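To start, the structure itself, in structure tokens.
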Ligand SMILES: [Zn+2]
């Protein structure tokens, strides 16, 4: 399951940042997940629980900020919401290869217990 590897990486980054901010216990993690990031949110949450519970640590909450995919059409100079992961311009039907957002898989913030 590739979500598991992603969550392992996220955990590493979160621990690194927690360390940098004084080493408190992580209570919650906020992530930004694009609709075209190629992950299932349910699988992501499951993987998160597996990764975080492995070491018998205090429970950590995962908050997900979904990001809708947006594309840009050069013909119409228009940016639009990509529905169903398809970047077809609603005005001219041109398939855009210019994805403005939607592939995010970022750690946004941590909530630490001092
Ligand atoms: Zn267009």
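Any idea what angle helix 2-20 forms with the longest principal axis of the chain, computed on alpha-carbon atoms, 0 to 90 degrees, nearest 10?
Here the helix axis deviates by roughly 60 degrees.
In a GNM of the chain with a 10 Å cut-off on Cα contacts, which of 75, 27, 13 has the highest mean-square fluctuation?
Most flexible of the set in this elastic network: 75.
Plugging the Kirkwood radius over Cα pairs into Stokes-Einstein for the chain, at a temperature of 37 °C and a viscosity of 0.692 mPa s, what D comes out in µm²/s?
On the way: Rh = 15.6 Å.
Stokes-Einstein gives a translational diffusion coefficient of 211 µm²/s.
Want the number for residue 81 to residue 97: 0.36 nm per residue separation, take away the alpha-carbon distance, what's left?
Taking 0.36 nm per residue and subtracting the Cα distance, the gain is 4.4 nm.
Let's test the formula: R0 of 22 Å, r as the Cβ-Cβ distance of residue 2 and residue 109. What FRET efficiency results, to the nearest 0.05?
So the FRET efficiency works out to roughly 0.40.
By average Cβ neighbour count within 10 Å, what is the ranking of 107-113, 30-36, 2-8 from highest down? Mind showing how you got there, number by number?
Values: 107-113: 14.6, 30-36: 19.1, 2-8: 16.7.
Going from most to least packed, we get 30-36, 2-8, 107-113.
Quick one: angle between helix 41-53 and the longest Cα principal axis of the chain, in degrees between 0 and 90, rounded to 10, please.
Tilt relative to the chain: about 20 degrees.
If you take every DSSP beta bridge whose two residues both sit in the chain, what share of them, in percent to the nearest 5, is antiparallel?
The antiparallel proportion sits near 70 percent.
For residue 68 and residue 54 in one chain, what is 0.36 nm times their gap in residues minus the Cα-Cα distance, to one decimal in nm?
Computed gain between residue 68 and residue 54 is 1.9 nm.
When only C-alpha pairs under 8 Å and at least 6 residues apart count, what is the relative contact order of the chain, in percent?
Result for the chain is 37 percent.
Using a Gaussian network model of the chain whose springs link C-alpha atoms within less than 10 Å, name the residue from 24, 102, 93 with the highest mean-square fluctuation.
For the chain, modelled as a Gaussian network with Cα springs under 10 Å, the answer is 93.
Any read-out appearing in this document is the output of simple, stated calculations on the displayed coordinates, not a laboratory observation. As the structure is a prediction and not an experimental result, all values here were calculated from the model. Cβ atoms come from the backbone with ideal geometry, glycine included; neighbour counts cover every protein chain shown.
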